[in-house]
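Note sheet for the following structure.
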Amino acid sequence: MEKFTVLNGVVVPLDRANVDTDQIIPKQYLASIKRTGFAQGLFAEWRKDPQFVLNQSRYKGGTILLGRKNFGCGSSREHAPWALMEYGFHCMIAPSFADIFFTNSFKNGFLPVVLTESEVDRLFHECNAFPGFRLVVDLESQTVASTNQSFSMRFEIDPFRKYCLLNGLDEIGLTLRHAQKISEFEARRKAQHPWYF
Amino acid sequence: MFTVYDNDEMADQPWLMRTYSGHSTATKSNELYRTNLAKGQTGLSIAFDLPTQTGYDPDHPLARGVTAKDVVLAIIGRIGTAGGTGCAIEFAGSTIRSFSMEGRMTVCNMAIEAGARAGMVAVDEVTIEYLKGRKFAPKGAEWDHAVAYWRTLKTDPGAKFDREVTLDAREIKPHVTWGTSPEMVVSVDDTVPDPDKEKDSLRREGMERALQYMGLKPRTPITDIRIDKVFIGSCTNSRIEDLRAAASVVKGRRVASNVKLALVVPGSGLVKEQAEREGLDRVFRDAGFEWREPGCSMCLGMNPDRLSAGERCASTSNRNFEGRQGPGGRTHLVSPVMAAAAAIAGHFVDIRRWS
């Protein structure tokens, strides 16, 4: 997994609430068994509209997606963060996320940032007002700031998840450091609940 | 399942889980949640209490027209698709208790559509009876041990939930979704809502976009909505009980001429065999339905079973997002009896008035 430290990038505003994973990546793009090749499926239906944000030149090369509440609801497909990342996004800012999408994001090195509704509103206004609007997302200091530091917003993040992102640590490797404990647990469980095995 | 535990016994498991919404139906995954709760995990539950539905007949729970699907759609309509975010939802109360395992699975399956990681109903005699003698159920002394253990998997008396919501089951009618999210749902005797009456601007825009996508006008009676296709299937509603209920509605009748395709897709090979032993396949075929092999089919349209742009479907599945059943397709989520009745009538009907 790649490390996430500081990201300075163009912000792409997606002004819709309850964006579900069937929109993020429609199922016809899920056929691959690899983790690549999903960028073309990202928001595939909506991208047919020339006015859709991803088709507007002012947001070209954007790496930070700005959204509304409950982003990523619906089907649990992990392809959703994969597609966003492959398209070029590394971070997403919204007032709230659907749980499964939120968790899948961390597991893939994609940072979901939760800010308040009013902070998110302000960022949408800034985006609309200034073509090429950028933000600096600093994970270490847990801040989202304008490039000239005219404002800075703090966000919360679980310390363990932060540690993993900052160090690019994969959960499987982390877990295997407890291999001894795991096998002890499994032996004990087998004795206690033999019907599972 | 994202809590990092300080309890050694559980420390290794949760870290490895990739959450998958379909797991909500899987016995083993539910078992894991229950185990964690039993071991003292707190703060991850919402409880629903459903008082007894008047006149509810537990011997024929689906014949009265209001089903487990309507109950869970009503819950999602109340708390929204983010209502259970970060939680496992425990469904409780006498109505839930009166449901068969099949009905409970329908409710728990759609806990995901309420934003939760899992849904659960505490172990009781219905659970134990359901498991007894099943292919992978423990046998002999192991069975007794397992049952004794399973009976401990209940919420403690006086447990504190993050949120408790109580619905009066007597007020729950057959439900139909009108929009592009499971929370966009109304009773069958209601009308398509009017976005102009919504004060929250973001919500209003969402409603307007959904109505445009769905090709619906505000204030249209739900029973005036005509359909093109019908899908009875999916992990939400394709168990034997669902098929029996749907078959009882269509028996001796014919699918309406405006319905281009009506599919019945059993939930598993076992369900298909059982249904065929009971002659349900004949009932469906005689009525003009296609009887298919088990699979996901038109729930998400990854195979050729899908909606064409603009087509409208009465579907027993769990998701009505844009394009879910095919690009441009329009999905209305309903119970199996409501889907069956819609197939015969060619439009939505109030199953409570079905003769």
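The values are calculated or read from the model by the stated rules, or taken from the named source; none is laboratory data. This structure is a prediction, so every number in the text was calculated from the model and none was measured. Every residue, glycine among them, receives a Cβ derived from its backbone with ideal geometry; neighbour counts consider all protein chains shown. Just so you know, the surface numbers come from the protein's heavy atoms only, side chains and all, with ligands and any DNA or RNA stripped out. Shrake-Rupley method; radii C 1.70, N 1.55, O 1.52, S 1.80 Å.
Couple of notes before you dig in:
- Accessible area of B:Arg134 (1.4 Å probe, protein heavy atoms only, ligands and nucleic acids ignored): about 110 Å².
- In the context of the full set of protein chains, segment A:35-171 has a per residue accessible area of 40 Å² (1.4 Å probe).
- Listed residues B:Glu164, B:Glu276 arranged by accessible area, highest first, probe 1.4 Å: B:Glu164, B:Glu276
- Percent accessible area from carbon and sulfur atoms, segment A:49-141, protein chains only, probe 1.4 Å: 53
- Amide hydrogen neighbours beyond the local backbone of B:Glu183, cut-off 5 Å, H modeled: B:Thr81
- Rounded to the nearest 10 square angstrom, A:Ser152 shows an accessible area of 70 square angstrom against a 1.4 Å probe.
- Expressed as a fraction of 2.2 N^0.38 Å, the C-alpha radius of gyration for segment B:262-326 is 1.18.
- Residue by residue, segment A:138-153 carries 3J(HN,Hα) couplings of 10, 6, 4, 8, 6, 10, 10, 9, 6, 5, 9, 6, 5, 8, 8, 10 Hz when phi is fed to the Karplus relation 6.51 cos²θ - 1.76 cosθ + 1.60 (θ = phi - 60°); x denotes Gly or Pro.
- Inter-part distance where segment B:170-216 and segment B:138-160 are each reduced to a Cα centre, Å: 42
- Hydrodynamic radius by Kirkwood, which averages 1/r over all alpha carbon pairs of segment A:1-143, in angstrom: 15.1
- Once you divide the Cα radius of gyration of segment B:103-159 by 2.2 N^0.38 Å, the number left is 1.32.
- When B:Asp200, B:Asp228 are compared by accessible area at a 1.4 angstrom probe, the order from most to least is B:Asp200, B:Asp228.
- Relative packing of peptides B:175-185, A:13-23 - highest average C-beta neighbours within 10 Å first: B:175-185, A:13-23
- In the A-B interface, the accessible area buried, summed over both sides, Å² (probe 1.4 Å): 3800
- Rounded accessible area per residue of segment B:213-256, 1.4 Å, Å²: 40
- B:Cys313 contributes about 0 Å² of solvent-accessible surface, heavy atoms of the protein only, 1.4 Å probe.
- Expressed as a whole percent, the accessible surface of segment B:139-233 that belongs to carbon and sulfur atoms is 46, based on a 1.4 Å probe.
- Tensor-based shape of segment B:230-355 (alpha-carbon gyration tensor, a/c under 1.5 rounded, otherwise prolate or oblate): oblate
- If you bin all the Cα-Cα distances of segment B:101-236 at 10 Å, starting from zero, the percentages per bin are 9, 27, 29, 18, 13, 5, 0.
- Counting only Cα atoms, segment B:140-219 measures 61, 29, 25 Å along its principal axes, largest extent leading.
- Set of lysines near A:Lys190 by C-alpha distance (under 24 Å), chain-local residues within fewer than 8 positions excluded: A:Lys181, B:Lys28, B:Lys39, B:Lys132, B:Lys135, B:Lys139, B:Lys154
- Range of Cα positions in segment A:108-153 per principal axis (Å), largest first: 31, 22, 18
- Accessible surface ranking that places the most exposed of A:Glu2, B:Glu208, B:Glu113 first, with a 1.4 angstrom probe: A:Glu2, B:Glu208, B:Glu113
- Packing here is the average count of other Cβ atoms within 10 Å per residue, and on that basis the peptides B:188-198, A:178-188, highest first, run B:188-198, A:178-188.
- Each helix, a run of at least 4 DSSP H residues, gives -39500 (n - 2.57); summed and divided by the residues of the protein assembly as shown, these come to -9000 deg cm²/dmol at 222 nm.
- Treating r as the C-beta distance of B:Ala159 and A:Thr116 and R0 as 30 Å, the FRET efficiency rounds to 0.45.
- Each label was represented as a point 7 Å from its Cα along the Cα-to-Cβ direction; for A:Ser146 and B:Thr152 these points are 6.0 nm apart.
- Whole-percent pair-distance distribution, where bins are 10 Å wide, for the alpha carbons of segment A:119-197: 14, 27, 20, 16, 12, 10, 1
- Computed FRET value (nearest 0.05) for A:Gln51 with B:Arg203, which takes r as the C-beta separation and R₀ as 22 Å: 0.50
- Rounded to the nearest 20 debye, the dipole size of the protein assembly as shown about its Cα centre is 1040 debye, using +1 on the Cβ of Lys and Arg and -1 on the Cβ of Asp and Glu.
- Counting 0.36 nm for each residue step from A:Asp15 to A:Ala31 and taking away their Cα separation leaves a gain of 2.9 nm.
- Residues in segment B:220-245 reached by a label modelled at B:Glu293 [backbone nitrogen below 18 Å; 7 Å Cα→Cβ]: B:233-235
- Diffusion coefficient (Stokes-Einstein, Kirkwood radius over C-alpha pairs, 25 °C, 0.890 mPa s) for the protein assembly as shown: 99 µm²/s, rounded to a whole number.
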